[in-house]
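**Q** First, the structure itself, so that you have it in front of you.
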Amino acid sequence: MYLKRRSIYVAFAFLFALTFSRQITFAATVIDKTAAPDTSFLVVRTMQGLLKGTTEKEVYVWRGVRYAKAPVGDLRFRAPQPLDNWNGIKEATEFGEAAPQGKNSFVKGQVTSEDCLYLNVWSPAADGKKRPVMVWIHGGGFEIGSGSADLYNGANMAQKGDVVVVTLNYRLGTLGFLYFGKEAGPAFENNLGIRDQMAALQWVEENIAAFGGDPDQVTIFGESAGGTSVETLLACPAAKGLFKGAIAESGPAAMLWRPETASTVTAKYLEFLGLTSDNLQQLKTLPLDTLMAAQKKLSGYLIKETANKVFSPTIDGRLITTDLFTCLSPKQSGGIPLMIGTNKDESSMFASHRLKMAPNNQKDLNKELLHRFKEEDKEKITAAYPRFPHKRGILDLLTDAAFRMPAIYLAECQTHVAPVYMYRFEWSPFLLKLAGLRSFHGLEIPFVFGNINGRFGRLLHLMGTKKVVSRLSNQMQQSWINFARYGNPNGKEEGEWKKYNTTERPTMIFDKHSRLVDDPDSTQRKAWEGIYYYY
C-alpha cells in the first residue's frame with residue numbers, strides 16, 4: 001500500500017514539474033480579465049508614434065511593442081537597429097512573435113519568427129506618474145523562452161506594487177549568441193542577444209514615462225539565463241546608465257564563454273551547415289529552417305560532448321570586457337544595488353530523465369566537472385558534502401558549483417561598490433521532496449510575480465496549502481517591489497534583511513517560515529574558497 005501511494009505522489013510531483021518546466025520555458029497563453037477601462041489611458045505617444053493598448057486585471061497592458069527593427073535579411077546577425085517612425089495609431093493588444101528556438105515542443109499558442117524584437121508593458125495607468133520600472137529578462141538557456149509566457153504576466157505585480165512591469169524577447173541560440181571573432185564587424189556582430197536586451201532598455205529609457213514609469217528608476221531582473229543576462233549587463237560598460245538596480249535569480253555567472261570556447265562552437269555550427277569562415281555571407285541568405293536544423297545538431301553536441309550544455313554570451317573584449325568573477329570597477333557597476341540568490345536544489349531538474357543535462361553519478365561528475373580541479377581541491381570539495389558520492393550529494397555539489405558559489409563570488413565583489421542583498425529559496429513541500437525535485441530551478445518565479453492562482457496556481461496550492469503559498473508569494477513579491485522602489489528589499493528603511501558582507505554573510509531564506517540566516521551551509525562554502533572555473 002505504501003509503495004502504491006508513494007508511486008502516486010511521485011507521479012503527481014513529476015506532473016507538477018513537467019507542467020512547471022513547460023511554463024518556465026515557453027507557455028504563452030494569458031487569460032485576459034478585462035476591467036472597465038478609462039480609454040484615455042489606452043493610447044500613448046512613444047518617440048516613434050502612437051500605441052493603443054488594452055486592459056487586464058485592472059491594469060493597462062501594451063503587448064507586442066516593437067523596440068527595434070526586425071533582424072531579418074541583411075539585418076540577420078547584426079546589432080538591433082532603431083525603429084522608424086509611423087503615422088496613425090498602432091494596435092498593441094497581441095503578443096509579438098517569439099524568437100526562433102530549437103525545442104518547438106514547448107511552444108504553446110505562439111508563433112516564432114526572426115521578427116521577434118518585441119516587449120510588453122503592464123502599468124496601473126499611463127498618467128504621467130513616475131513609478132518604479134521593473135524589466136524582466138526571461139531564462140531558457142539562451143535557447144528557448146519568451147517574455148510573453150504566462151508565468152511572467154506582469155499584471156499582478158503592477159497592481160500590487162504600483163510599478164510598471166516590462167517583459168521582453170531577445171534573439172536566442174545561434175541567431176543571438178554565435179561568436180564571429182574579435183574582429184567581428186557591423187555585418188556580423190557578437191553577443192546579439194545581450195545587445196537586444198540593451199536596445200530594449202534604451203527603448204524603456206526613451207519611452208517609459210509615457211506609460212506612467214520613471215526612466216530614472218529602472219530595475220532589471222531575470223532568472224537562469226535571464227539572471228546571467230542581468231549579471232552580464234551589470235558588467236557591461238555600454239549598459240551603464242540604463243538601469244539603477246539589478247536582481248539576479250539563479251543566474252550561473254560561470255556560463256560566459258571564453259573566446260576560444262565560443263570559436264570552437266561556431267566552427268562546429270559552420271561544419272553542420274557545410275560552411276567555413278570564408279563564406280560567412282551565406283548565413284544571411286540560408287533559410288531559417290536550415291539554420292535551426294543545424295542549431296539542433298549543435299545543441300545535441302553541447303549537451304553530449306561538452307561541459308557547456310547551453311548557449312552563452314562571450315567575453316568578446318568589446319561589449320563584454322571581463323568575466324563576472326572579476327570585481328567590477330565603480331565605472332561599471334558602482335552605485336547599483338544588487339539582490340542575488342539561488343534555489344537550494346537547482347540541479348535536481350537538470351538531472352531528471354527528461355532533461356538529462358546534469359550528471360547524477362560520480363563517474364559523469366568527474367568527466368564533466370571535477371577533472372578541471374587540482375587533486376587536492378577535488379578532495380577538499382567532495383569531502384564537504386556528507387551525501388557524496390550518492391546522487392543527492394552530487395546534486396548538492398553541482399548546485400553549489402554552477403549556481404550558489406558564483407552568486408556568492410559576485411556578491412562579494414559587488415559589496416565593494418554598492419549594497420548587496422543575498423537570498424536562498426528553499427520551499428520544498430512533501431511531494432517535491434518525495435519526487436527528489438525539492439526546491440528546483442525556477443520554482444521561485446510564480447511567487448515573485450504573484451501568479452499563484454489559475455491552473456498552475458492550483459498545483460502550487462495542492463503542494464503546500466493556499467495559506468503558505470500566498471504568504472510566501474506576498475513576502476517575495478513585496479521584497480522585489482521594495483527593492484525596485486528603494487534599492488532595499490525591506491522597504492524605505494533598513495530592516496531585518498541586512499546587507500550582505502563577508503563577515504556575517506546574512507542570507508534571507510525564503511521558505512514556509514522565512515528567516516534571515518548567517519552564512520548558511522558554511523562548510524561547503526569554505527571548501528570552495530579560491531576555486532574558480534570557466535567555460
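**Q** Within the stretch 464-527, list the trypsin sites (Lys or Arg not before Pro) lying in a DSSP loop whose Cβ has at most 12 other Cβ atoms in a 10 Å radius.
**A** Here the sparse-neighbourhood loop sites are 492.
**Q** Shape verdict for the chain, please, from the Cα gyration tensor: rounded (a/c under 1.5), prolate (a/b greater than b/c) or oblate.
**A** Because its axes are fairly even, with a/c under 1.5, the chain counts as rounded.
**Q** Suppose every K and R has +1 on its Cβ and every D and E has -1 on its Cβ; what is the size of the dipole of the chain about the Cα centre, in Debye to the nearest 20?
**A** 1540 debye
**Q** Are there GluC sites (Glu not before Pro) in the stretch 44-134 that DSSP puts in a loop and that have at most 14 other Cβ atoms within 10 Å, and which ones?
**A** Counting only loop positions with at most 14 other Cβ atoms within 10 Å, the GluC sites (Glu not before Pro) in the stretch 44-134 are 58, 94.
**Q** So, one more: Count the DSSP beta bridges whose two residues both fall in the chain, then state the antiparallel fraction as a percent rounded to the nearest 5.
**A** Within the chain, antiparallel bridges account for around 35 percent of the total.
**Q** Which of rounded, prolate or oblate describes the stretch 249-300 when judged by the alpha-carbon gyration tensor and an a/c cut-off of 1.5?
**A** It is prolate, given that a/c is not under 1.5 and a/b is the larger ratio.
**Q** Also, quick follow-up: Inverting the mean 1/r over all pairs of different Cα atoms, compute the Kirkwood radius of the stretch 167-237 and quote it in Å.
**A** 13.4 Å
**Q** Can you find, among 202, 501, 441, the residue farthest towards the positive end of the dipole of the chain? Put +1 on the C-beta of Lys and Arg, -1 on that of Asp and Glu.
**A** 441
**Q** Kyte-Doolittle mean at least -0.5 and Cα extent at least 18 Å along the axis: which DSSP H helices of the chain qualify?
**A** 2-25, 192-207, 259-273, 288-305
**Q** Within the stretch 357-395, find all residues whose amide N lies under 16 Å from a label point positioned 7 Å from the Cα of residue 258 along Cα-to-beta-carbon.
**A** In the stretch 357-395, the label zone of residue 258 (backbone N under 16 Å from the point 7 Å along Cα→Cβ) covers 369-374.
**Q** Here is a follow-up. Which distance in nm do the two modelled labels at residue 433 and residue 368 give, with both placed 7 Å along the Cα-to-Cβ direction?
**A** Label-label distance for residue 433 and residue 368, simple model: 2.6 nm.
**Q** Next question, about the same structure. What FRET efficiency do you get for residue 458 and residue 304 if R0 is 41 Å and r is their Cβ-Cβ distance, rounded to the nearest 0.05?
**A** The calculated FRET efficiency here is 0.65.
**Q** Here's something else I'd like to know. What is the stretch 245-365 by shape, rounded, prolate or oblate, if you read a ≥ b ≥ c off the alpha carbon gyration tensor as root eigenvalues and call it rounded for a/c under 1.5, prolate for a/b larger than b/c, and oblate otherwise?
**A** It is oblate, given that a/c is not under 1.5 and a/b is not larger than b/c.
**Q** Considering the options 457, 394, 420, tell which one lies farthest towards the positive end of the dipole of the stretch 347-459, charges being +1 on Lys and Arg and -1 on Asp and Glu at the Cβ, about the Cα centre.
**A** 457
**Q** Another question, if that's okay. Which whole-number percent gives the relative contact order of the chain, counting Cα pairs below 8 Å spaced six or more residues apart?
**A** 14 percent
**Q** Using only alpha carbons, build the gyration tensor for the stretch 407-535 and give me the equivalent ellipsoid semi-axes, biggest first, whole Å.
**A** In descending order, the three semi-axes are 27, 20, 13 Å.
Taken together, the values in this text are just the output of simple stated rules run on the coordinates, not laboratory data. Computed from a prediction, not measured in an experiment: that's the story for all the values here. Because the Cβ atoms are built from the backbone with ideal geometry, glycine has one as well, and the counts that use them run over all protein chains shown.
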